Amino acid sequence: MRPYLAAVVLAAALTACAPFTEDGGSRVLTAEGVSRQTPADAPVEEAVRGLTAFGHSLYTANAGPLANTVLSPLSVGVAYGMARAGAGASAGAELDRVFGFPAAGPHTAFNTITRRIVTIEEGTPPPPPGQETRGDGSGPPAPPVVGLAHGLFAQDGLPVKQDFLRTVTAQYGTGVHTVDFGAEAADEINAWTDRQTAGRITKLFERLPANTRLVLANALYLKADWEHPLVSGSSPGPGVFTRADGTTTRVELIGDVGARRYAEGAGWQAVELRYAGGELAMWLLLPRAGGTPGDLLTPATFAQVADGLRQTVVALAIPRWDFATDIDLGTSVLRPGADFSGIADGLTLDQAVHRANISVDEWGTEAAAVTGLAFPVSAGPSAEATFRADRPFAFAVVHTETRTPLFIGQVADPSR
């Protein structure tokens, strides 16, 4: 099985006005008498629309025409959703605008979405490296393993507010671990990151500033084989990929001729590659000559693709790809100094970073994303359609039931 990994981490260096003690003990702060809720009638569709629009906006701001790009709307959205629970009025309103959070808040929606996506108990580490298997054609593909974990780490003695604790306990199923940021907190958080990502991300922080008071972390992990591996006698073989500037590079194309869900519209083609089990899929979105991949990641096109996919015999030819993107979120989401005193008095946002990578081959997908927010202190029948991704194209990994975008991006040059 080819592992597919997403991790999102909010790193919060918080300067608090309130005093704190350093008793050296590690405790878990939770809201007394509160357990994880199962929301009814959560505004999932509204939250997914907001995530899709936000992802497109962030992509547009960071994807140059010749640059491979990958980012995780779900990771960033859940991270900021947790932070929203402690945002002041102005910061909260800005987060609602940027992410399109539902009027009632994002928490019940993210609670419902993550419950539908995860396959193992939330917070349970995935199998460590060496214990997973990879599809090799010798047997049927295993269903995806999707794990989700939140790590909230606060300076021991920081007076975390009860309203914030109630929200993260009830909607995200987590508490706040007390640590000593003057000692080995970075090592403890890095060890948690390593466990929750099965060793795919071994270190979150090189060091933490002395004025760090809180770290919020979320890890989303997936191992997924394709439902049908892209290996057959009809594999397209060597090909030429034409970049946006007209230059070319030689690539090895993978694919087959077979029945897949396919759609096309004015200026684009789309094909769906499902992972084993069918609840997750990758959409490949190819613009016609003269178009750009980014045009296909808009909410409107997403809706057209989702509604238009029909079973079709497709001659598929795509490259493998493997690349990473680092994004300085800067002021893309919130201005520096935004108020998060709903977590603890005096906390303000300082900086934010998002890092992601993705690898795709004939067996499946592997990807990772990290977001940090710092707060100071087979040969088949004749094809009915041909999808040949030999020029820049977009992709989206989606949860098929809710259409939640886990990852989006573009392949501008698979040889890089």
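The values are calculated or read from the model by the stated rules, or taken from the named source; none is laboratory data. Predicted model, so just to flag it, every value in this text is computed and none were measured. Neighbour counts run over all protein chains shown; Cβ positions are idealised from the backbone, glycine included.
Below is a table of values for the structure above.
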quantity	calculated
Test: residue in segment 340-349 that is modelled with pLDDT under 85 and part of a strand (DSSP E or B)	yes
Tally, over segment 173-205, of residues that are touching a strand residue (DSSP E or B) at 6+ places or on another chain (Cβ under 8 Å), modelled with pLDDT of 80 or more and of a type in the set (D, E, K, R)	2
Subset of segment 81-93 (residues that are part of a helix (DSSP H, G or I) and more than 21 Å from the chain's Cα centre (by Cα))	A89, S90, A91, G92, A93
Test for Q162: is it over 16 Å from the mean Cα position of the chain (by Cα), assigned by TED's automatic domain parsing to the domain that holds E45 and crowded, with 24+ Cβ neighbours inside 10 Å	no
Selection from segment 384-403 of residues that are more than 20 Å from I327 (Cβ to Cβ) and assigned to a strand (DSSP E or B)	A385, T386, F387, R388, F393, V398, H399
Number of positions in segment 265-294 that are in contact with a helix residue (DSSP H, G or I) (Cβ under 7 Å, 6 or more places away or on another chain) and assigned to a helix (DSSP H, G or I)	1
Residues within segment 222-235 that are modelled with pLDDT of 80 or more and under 19 Å from R195 (Cα atoms), tallied	1
Test: residue in segment 40-51 that is outside the structural domain of M282 (by TED's automatic domain parsing), modelled with pLDDT under 80 and not in a loop (DSSP other than H, G, I, E, B)	no
E252 crowded, with 18+ Cβ neighbours inside 10 Å, acidic (D, E) and at pLDDT 90 or above	no
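Here's the yes/no breakdown for (1) surrounded by fewer than 21 Cβ atoms within 10 Å (Cβ to Cβ); (2) within 23 Å of the chain's Cα centre (by Cα); (3) among the polar types (S, T, N, Q):
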{"residue": "G151", "(1), (2), (3)": "no, yes, no"}
{"residue": "V176", "(1), (2), (3)": "no, yes, no"}
{"residue": "E184", "(1), (2), (3)": "yes, no, no"}
{"residue": "Q196", "(1), (2), (3)": "no, yes, yes"}
{"residue": "N211", "(1), (2), (3)": "yes, no, yes"}
{"residue": "A217", "(1), (2), (3)": "no, yes, no"}
{"residue": "L220", "(1), (2), (3)": "no, yes, no"}
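A quick yes/no check of all residues on (1) buried (at least 24 other Cβ atoms within 10 Å of the Cβ); (2) over 28 Å from G199 (Cβ atoms); (3) modelled with pLDDT of 90 or more; (4) assigned by TED's automatic domain parsing to the domain that holds V160:
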residue	(1), (2), (3), (4)
P19	no, yes, no, yes
G55	yes, no, yes, yes
A63	yes, yes, yes, yes
N68	no, no, yes, yes
L74	yes, no, no, yes
A87	yes, yes, yes, yes
G92	no, yes, yes, yes
